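Read through the structure below, which is laid out as C-alpha cells, and then see the notes.
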Amino acid sequence: MRRGPLTTLARDRLVMGVLALATVTWLLAVEGGQGFGRDEGQYFRAGERYWGWFEELAHNIAAGRPGQSFTPAGLDRYWSDNAPDHPVVAKVLYGLSWRAFHRCTCTGPARFLHPIPVRGRHITLPLFKRDSTAFRFPAILFAALLVSLVYRFCRRFVAWPAAAAGAALALAQPHYFFHAQIACFDAPIATMAFAVGYAYWKSLRSPRWGVLSGVVFGIALGTKHNAWLMPIFLLGHYLWMRRGDVLGTNGRRRVPRLPLAFASMVVIGPLVFFLLWPWLWQAPILRAKTYVNRHLQHEHYNFEYLGRNWNAPVTDSRLKPLRMTAPFVETLFTVPVTTLALALVGGVVLARRRRGEPVGPEAEPEVPAGAQPPRPDWRRPGADVDRAPGAFLAVQIFGPLCVIAMPATPIFGGVKHFMPAMPYIAVAAALGLDRLMRVVRAGLPALRERAARALPVALATLACLPSVVETRRSHPDGLSHYNLLAGGFAGGASLGMNRQFWGYSVLPMLPWVNQQPDKRAMYWHDVISDALFMYKREGRLGMDVGDTGYGPPAIGRSSVGILFYEKHWASYEGTFWDEYGTTRPVLVREREGVPLITAYQRAKP
Amino acid sequence: VNEPELPEATAPAPAPAAPPAARIGLAVAAAIGVLAIVETTAALVAPSRAPKDADWEAAAREIRAAFAPGDLIVAAPAWADPIMRLHLGDLVPLLVAARLDDARFGRVWEIGQRGAHAPEAARGTVALEKRFGALTLRRVERPPAIVLYDFLERWTEARVSRRSLGRPDVVCPWSGDRFQCPDVSFNFVHLQTVEVDTTVRRALLAQPVASSVVVIDYPAVPLGRELVVATGLHDVWQRKAGHGVVDMRVAIADAYASAIEATNDTGWQLTHIDTSASAGRVVDVRFEITSPEPFQRHFVLAAEARR
C-alpha cells in the first residue's frame, strides 16, 4: 500500500527515528542542569568499577591469564560494588559509555577521585564534555527506545498522528522526564517493562516473539527488580484473554495452555539474568536469594505524602486507606492533566469496545480473518481469540500502581516506583486522542481536504502542547513538580506532597558553594560523596571544597552547610539553629517560591 | 524481525455517529481542547505569579519599620517559612522559631501568598493589610497570654528523680548540662532543640525508663488560670524504631490534674489544664513519666503557667 513516496512501514520507521532522535536531543540538551542524587552517584561509581573488570580482563588476556578475571576474587573485586542491591545491565552500559565517550582529563587533579586506578590518559571518542553525560547516555537511549516502542505499539491501534502523540506523551511527563535523563534504572526499567509487554503481545500470534519474550524478560531482570512482577501482570491478561477456556464458552472447559512466552520467560529469562550478572556466578542460589531478600525486606525510607511522613509499613487500620491511595493520587497529581483526560477517553473507548471489534478503523483485526478460526496453539495463544487490548492496558497500568498501593510496600521512590505504568497511560491517551480526532472530523464535514489532512496533526500537536510545556517548566526539578490539578510546585507543597529526595537539586547552588570562604568546612547533608567526586571531576565543584561528613555531628564540625527540605529532615534544621546560632539562612534555593534547599553559615562570634 | 505493514493512516474519514453520541463526543473533544489550552497557559504563566525577591524585601522593610520585641512573624503557607527567615530571620530567634505555641504573641505579622493564612494569625483583629506584589502582609493583634512561669526557662530549678517499685527513690543530680540519673545512661533530663511531628521545638527531653517513674518536680510555681503542657516524641528516627506509649501525669500541689498519653501519632500535643481555682497560689508542679514499652521513646515536654 502506498501513499506518496513512502510506504506505511517506511513512514513509521521514519517517524520512530525522528521521535527517538528528538528524545535524545531534548534529553541531552537539558541533562546538564540535572544534579546527581544518592543513587546516581553510586551507579556512576559502580559503572566505572565494572568497566574496571573489563579493563583488567583485557590485561589478563594480553598476559595470557584470562582465568584470573574469573576467580572469585577477580570477580568480586569489581562486581560486588552495589551488590546485592541491583543487577548490572544498566550500570555496565553506563560504565562502557563513560569509557567510550568521555573527554578524558583523568590524569589531572581529579585522578584520585576515580573508583578504580587511572592507568593513564584514556583514548576515547570524546562526544561529551562531562563524564556524567557519558554515563547518562545509555539511559537516554533507553528513553528514546521507549518512545519508539510506544509509537510502534500505538500504531497497532491508531493512525500515525495519534501514535506519535502517544509516544511524545510518554516522554513529556515531568517525573518520567526527570528520571529519563539520569544514570539510574527507573527509566530503563520502564522501557524494559514496555518491551516485555510488547514482546508478549506479539508472542500471542508469533512463536518467534514467544522465544524472544524470554530474552527480553531476562534483560529486564538484569535491569531492575520491578521485572519480577511483569509476568504476574501478563498472567492476569492471559487468563482474561483465554477466559473462554476456563468458562467453557469456546465449546469445552479446559485449563489454558502455558504459552510459549511464559515458558520462555521461565527458562530463558533467569538464564539471561544469571549470565548478565557476574556477581552471581560463584554462588548463584545463595546470592540470588540475598538479592531477592534485599528487596523483599527493603527498608521504608521517609517519604512525604499528603502532609504525612511515611517511613514504615502501615499497621494502623485508620491510615491504611489513605496510604493505599498514594500511587493513584501521585499519578493524578503528576501526569499532565490533558494526558490523563485523553487516557480516560481511551479507557472508555476500550471499555465500550465489543469483543472481536477492532479498536478503531486503522487497528489490527482482533478477530482472525477467515471463516474457520485457527485452532488454539500454545505457540500462538492469541491467534484464535480477541487479544483483549483493554485488559492488557489495564493490567499494565493498574498492576504497578496496585503493588505500590499495598500498605506494606515502601513508597519512598514516589512515581518512579510505578513508572512502568506511565507509557501505557500514554498509549491509552493515544487511543483517546485518535477517537476524538475522528469525532472532530465527523463534526466538520465541510472541511476542505487539505485542512482535513492537517487536522490530525494539529490536534495531536494541541494534545502534546501542555505536556511538553509543563515538562519544560518542571526541569530540572521534576521531582518537585505537580500538575494543574495540584497547583504546580506551590500546590504540591501545600498539599504536602514530596518535594524531592536524595540530593539531586543541589546543582544550581554549586557556584555559590565555590565562592564561600569557609568551603573547606562544608556540610553537604544528603549529597553523597560519590556525587561530590563527580562534581569535582567535572570541574563544577572546586577541589578545595570539603565535606564534614554525615549526620548532626557533621553540622557541628562545619562552618557552612545546606539542608534539603524534606519533612523528615526537620531535626537537622534544629541542629543548624543550635550549632550556627541563627535561624536565618544565607541562601534559599526555591522553585516558584517553594524552598528546596537552604544554606546556613555559622554566625561569626 | 520484520513486521507486516500496518494499516495506512489516512486523514480520518467522517465517521457515522448517532447525533447524540456525536454531540457528546464533540463536547468531550472541545472540553479537552480547552483543558489543553488552560494547562499550557497555566504552565507558562504560573512561574511569574510566584513572589519575587523584591516582594519579600518590600514586605520585610514594612515589618522592620514597625516591629516590636515580642512580635511574631510567620509565613503562609508554612512551607514559605525559610524564605521568610532569609529576609527576617534575625527577628525570629531560636526560642521564637521553636515556640511552644503562639499564645504569648500579641502581634502577629503574617506574610501570605496565594490566599493562604497561617493558623498563628487566626485569632485577633487585622490591624494592617498590605499587598507587596504576590505577597500579602497582615498584622493581627490580640491580647497576648501572660506567662507567669516558663518551665523551660526555669528548668534548672527542677528536682529530677527516678522511682521504682520496692526501691528507694533515686535522685538525679545536675551533671554538666543536664540532670543525669545514676545507672541508666539515657535516664536524664535535658533542655534542647527537638523535632516533634517534623517541626522544630524547644523542650525538655526526658526518656522513660522501664518499670520506673521519671519524676520532674518544679517547686514554687506561681499559677494563673491555666497550665499549658506540650508533649511529644522526638525525633523521626526514634518514632520509626519505637512504638510504645508514654504516659505522663501532671500533679499540681500533690493532686493529679491531668494524664497525658504520647504516641507516634499524637504529635505536638497541647494540654490545657484549668488552674483558675488555684490562681494566685504558688505550688509544686510535678511531672511523672512512665512507659510500658520505653524503647526509643524520646519523650519531650514544655509547659507554661499562664495568667
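The values are calculated or read from the model by the stated rules, or taken from the named source; none is laboratory data. Source: prediction; values computed, not measured. All Cβ positions, even for glycine, are placed from backbone atoms using ideal geometry, and neighbour counts span all protein chains on display.
Structure notes:
- Checklist (1) charged (D, E, K, R); (2) more than 18 Å from the chain's Cα centre (by Cα); (3) at negative phi applied to residue B:239, failing item: (2)
- Residue in the stretch A:458-467 that is more than 27 Å from residue A:160 (Cβ to Cβ) and touching a helix residue (DSSP H, G or I) at 6+ places or on another chain (Cβ under 8 Å) present: no
- Among residues of the stretch A:540-560 being out of contact with any helix residue (DSSP H, G or I) (no Cβ under 6 Å at 6 or more places or on another chain) and within 14 Å of chain B (Cβ to nearest Cβ), the one that is farthest from residue A:132 (Cα to Cα) is A:551.
- Options B:200, B:228, B:236: the member that is within 14 Å of another protein chain (Cβ to nearest Cβ), in contact (Cβ under 8 Å) with a residue 60 or more places away in the chain and under 30 Å from residue A:582 (Cβ atoms): B:200
- Which listed residue, of B:124, B:106, B:133, B:115, is away from every other protein chain (no Cβ under 14 Å) and on the phi > 0 side of the Ramachandran plot: B:124
- Tally, over the stretch A:230-247, of residues that are surrounded by fewer than 20 Cβ atoms within 10 Å (Cβ to Cβ) and either touching a strand residue (DSSP E or B) at 6+ places or on another chain (Cβ under 8 Å) or in contact (Cβ under 8 Å) with a residue 60 or more places away in the chain (or both): 4
- Of the helices (runs of 4 or more DSSP H) lying entirely inside the stretch B:52-144, those carrying at least 3 residues that are in contact (Cβ under 8 Å) with a residue 60 or more places away in the chain are B:53-66, B:94-97.
- Contact map, the stretch A:157-173: residues that are farther than 25 Å from residue A:334 by Cβ paired with residues that are of a type in the set (S, T, N, Q), Cβ distance under 9 Å, separation 6+ or inter-chain. Pairs shown: A:159/B:10; A:160/A:8; A:161/A:461.
- Residue A:463 vs. criteria buried (at least 22 other Cβ atoms within 10 Å of the Cβ), facing chain B (nearest Cβ under 8 Å) and touching a strand residue (DSSP E or B) at 6+ places or on another chain (Cβ under 7 Å): no
- Scoring residue B:208 on the criteria (1) part of a loop (DSSP other than H, G, I, E, B); (2) surrounded by fewer than 19 Cβ atoms within 10 Å (Cβ to Cβ); (3) out of contact with any Asp or Glu (no Cβ under 7 Å at 6 or more places or on another chain) leaves a single failure, condition (2).
- Selection of the stretch B:268-307 for residues being under 16 Å from residue B:197 (Cα atoms) and hydrophobic (A, V, I, L, M, F, W, C) yields B:268, B:270, B:299, B:300, B:301, B:302.
- Restricted to strands (runs of 3 or more DSSP E) entirely inside the stretch B:237-296, those with at least 1 residues that are more than 22 Å from residue B:224 (Cβ to Cβ) are B:246-252, B:255-262, B:282-290.
- Enumeration of residues in the stretch B:109-128 that are of a type outside the set (A, V, I, L, M), closer than 19 Å to residue B:92 by Cα and surrounded by 15 or more Cβ atoms within 10 Å (Cβ to Cβ): B:109, B:110, B:112, B:117, B:120
Listed here are the residues, each with its yes/no results for (1) in contact with a Cys (Cβ under 6 Å, 6 or more places away or on another chain); (2) within 14 Å of another protein chain (Cβ to nearest Cβ); (3) assigned to a helix (DSSP H, G or I).
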residue	(1), (2), (3)
A:390	no, no, yes
A:393	no, no, yes
A:407	no, no, no
A:425	no, no, yes
A:429	no, yes, yes
A:434	no, yes, yes
A:439	no, yes, yes
A:445	no, yes, no
A:455	no, yes, yes
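- Test: residue in the stretch A:37-50 that is away from chain B (no Cβ under 14 Å), surrounded by fewer than 20 Cβ atoms within 10 Å (Cβ to Cβ) and in contact (Cβ under 8 Å) with a residue 12 or more places away in the chain: yes
- Residues in the stretch A:217-233 that are under 19 Å from residue A:94 (Cα atoms) and in a helix (DSSP H, G or I): A:218, A:219, A:220, A:221, A:225.
- Checked against the criteria, residue A:487 counts as within 32 Å of the chain's Cα centre (by Cα), within 14 Å of chain B (Cβ to nearest Cβ), over 28 Å from residue B:192 (Cα atoms) and surrounded by fewer than 22 Cβ atoms within 10 Å (Cβ to Cβ).
Yes/no matrix, rows are residues, columns are (1) under 18 Å from residue A:303 (Cα atoms); (2) of a type outside the set (D, E, K, R):
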{"site": "A:564", "(1), (2)": "yes, yes"}
{"site": "A:567", "(1), (2)": "yes, no"}
{"site": "A:570", "(1), (2)": "yes, yes"}
{"site": "A:579", "(1), (2)": "no, no"}
{"site": "A:587", "(1), (2)": "no, yes"}
{"site": "A:590", "(1), (2)": "no, no"}
{"site": "A:597", "(1), (2)": "yes, yes"}
{"site": "A:600", "(1), (2)": "no, yes"}
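- Count of the stretch B:61-79 residues, restricted to those that are surrounded by 13 or more Cβ atoms within 10 Å (Cβ to Cβ) and touching a Phe, Trp or Tyr at 6+ places or on another chain (Cβ under 9 Å), is 8.
- Only a single criterion out of (1) over 20 Å from the mean Cα position of the chain (by Cα); (2) within 14 Å of chain B (Cβ to nearest Cβ) is not satisfied by residue A:195, namely (1).
- Inter-residue pairs, beta-carbon under 7 Å, first closer than 15 Å to residue B:77 by Cβ and in the stretch A:572-595, second in a helix (DSSP H, G or I) and of a type in the set (Phe, Trp, Tyr), 6+ apart: A:591/A:489; A:592/A:489; A:594/A:489; A:594/B:79; A:595/B:79
- Note on the stretch A:333-368: residues that are assigned to a helix (DSSP H, G or I) and either on the phi > 0 side of the Ramachandran plot or within 14 Å of another protein chain (Cβ to nearest Cβ) (or both) amount to 16.
- Of the residues making up the stretch A:264-287, just one is surrounded by fewer than 17 Cβ atoms within 10 Å (Cβ to Cβ) and of a type in the set (Gly, Ala, Ser), namely A:283.
- Residue in the stretch A:574-592 that is more than 7 Å from chain B (Cβ to nearest Cβ) and modelled with pLDDT under 95 present: no
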